[in-house]
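The block underneath contains the structure these notes are about, expressed in structure tokens.
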């Protein structure tokens with residue numbers, strides 16, 4: 001039995017590695033000959049998901065940077081701290097460069113006997129009959145356009161700008177985010193000398209990099225910046241797919257859901273999806289059943305409502321602070337600060353962010 005994965009992005013390789021670890025044959029078909037991954041993009045992964053990644057996919061301890069604290073600030077003159085999430089043990093969150101993770105997975109899979117990867121630009125549907133289960137991780141192929149075009153989309157009228165700053169050495173184990181008048185800016189440490197930046201600017205088009213660089217410098221109050229790498233940008237929108245599957249084809253990754261980057265939960269949602277999908281597949285194999293459309297039906301049944309609730313929760317956080325940005329008063333921020341001081345509530349928020357659920 002061979003599972004077919006469409007696409008060769010980070011989600012596709014992560015899923016492929018999880019499946020070959022279960023001794024399932026995986027064949028990746030991709031239509032981009034020279035897939036390039038940005039060197040300025042990073043991913044935040046929660047502690048619970050790091051544990052799952054290390055135990056079930058591949059050990060990434062050597063390429064992650066662990067954070068023990070996440071702080072949220074308002075953009076007033078005092079840079080008032082609103083929320084402070086602390087780790088009670090090893091760490092709270094980790095940051096990894098997209099490119100490093102991609103290269104690690106690619107190298108490992110290339111040596112695995114259960115894995116094959118090949119270029120295919122076939123636009124006929126006949127090849128679909130070769131596989132009992134197909135997982136589509138490619139947002140731009142003809143199958144996506146044909147079968148997975150019905151989505152609930154919300155555009156934020158915003159662009160996210162990502163880069164990495166090099167700075168003087170500092171003890172760098174705390175991520176912080178400032179809710180500015182233009183939108184949230186996150187400083188995400190990846191070493192004692194480098195920090196990743198994600199700046200979501202409302203009502204923005206692709207401005208010149210010099211302007212974004214200056215905005216980053218203006219909002220920075222912690223680092224002595226030496227260099228700012230090339231700035232990438234992309235339009236921000238949230239997305240939820242109406243139906244997760246078509247016959248034996250399961251949509252996956254960003255095809256299922258996209259969320260605002262302010263909470264750093266996009267890839268975390270995908271890792272949780274992989275966890276559930278693996279559980280379903282393992283149960284099928286254990287009782288001698290084939291991997292067919294029933295996998296897709298069960299996955300949608302278990303995960304769709306959770307993903308919709310979680311993504312709407314992230315959107316609610318965005319809208320909450322967006323109201324304050326529009327109204328130009330600080331009542332909401334002060335309320336957040338007051339509520340988050342209660343240990344139980346702080347712990348509850350941290351658990352939801354870590355596991356995606358409260359219980």
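The values are calculated or read from the model by the stated rules, or taken from the named source; none is laboratory data. Predicted model, so just to flag it, every value in this text is computed and none were measured. With ideal geometry, Cβ positions are generated from the backbone for all residues, glycine too; neighbour counts draw on all protein chains shown.
What about residue 54, is it crowded, with 22+ Cβ neighbours inside 10 Å and in a helix (DSSP H, G or I)?
No, not satisfied.
For the list (1) modelled with pLDDT of 90 or more; (2) in a helix (DSSP H, G or I); (3) touching a strand residue (DSSP E or B) at 6+ places or on another chain (Cβ under 6 Å), I need the number of the one condition that residue 315 fails.
Just one mismatch for residue 315, condition (1).
Do you know which of the residues in segment 261-275 that are within 25 Å of residue 199 (Cα to Cα) and at pLDDT 90 or above is nearest to the chain's Cα centre (by Cα)?
In this case the residue turns out to be 267.
Give me a count of the residues in segment 97-115 that are in contact (Cβ under 8 Å) with a residue 24 or more places away in the chain and either assigned to a helix (DSSP H, G or I) or crowded, with 17+ Cβ neighbours inside 10 Å (or both).
Count: 13.
Considering each residue of segment 59-74, count those that are within 19 Å of the chain's Cα centre (by Cα), surrounded by 21 or more Cβ atoms within 10 Å (Cβ to Cβ) and in a strand (DSSP E or B), and give that number.
Counting residues in segment 59-74 that are within 19 Å of the chain's Cα centre (by Cα), surrounded by 21 or more Cβ atoms within 10 Å (Cβ to Cβ) and in a strand (DSSP E or B) gives 3.
Return the only residue of 321, 331, 359 being modelled with pLDDT under 75, within 17 Å of residue 179 (Cα to Cα), more than 19 Å from the chain's Cα centre (by Cα) and surrounded by fewer than 18 Cβ atoms within 10 Å (Cβ to Cβ).
After ruling out the rest, the residue left standing is 331.
Does residue 156 satisfy the criteria of being more than 30 Å from residue 199 (Cβ to Cβ), in contact with a strand residue (DSSP E or B) (Cβ under 9 Å, 6 or more places away or on another chain), buried (at least 17 other Cβ atoms within 10 Å of the Cβ) and touching a residue at least 24 places away in the same chain (Cβ under 8 Å)?
no
If you go through segment 276-314 one residue at a time, how many are within 16 Å of the chain's Cα centre (by Cα) and surrounded by 18 or more Cβ atoms within 10 Å (Cβ to Cβ)?
Residues that pass the stated criteria total 4.
Criterion first (under 30 Å from residue 140 (Cα atoms), at pLDDT 85 or above and in a loop (DSSP other than H, G, I, E, B)) does residue 121 satisfy it?
No.
Does residue 114 qualify as being at pLDDT 95 or above, over 19 Å from the mean Cα position of the chain (by Cα) and farther than 30 Å from residue 215 by Cβ?
yes
Has segment 218-225 got any residue that is free of Cβ contacts under 8 Å to residues at least 24 places away in the same chain, assigned to a loop (DSSP other than H, G, I, E, B) and out of contact with any strand residue (DSSP E or B) (no Cβ under 9 Å at 6 or more places or on another chain)?
Looking through segment 218-225, none of the residues is free of Cβ contacts under 8 Å to residues at least 24 places away in the same chain, assigned to a loop (DSSP other than H, G, I, E, B) and out of contact with any strand residue (DSSP E or B) (no Cβ under 9 Å at 6 or more places or on another chain).
Residue 258 - would you say it is under 17 Å from residue 154 (Cα atoms), at pLDDT 90 or above and touching a helix residue (DSSP H, G or I) at 6+ places or on another chain (Cβ under 8 Å)?
Criteria met by residue 258.
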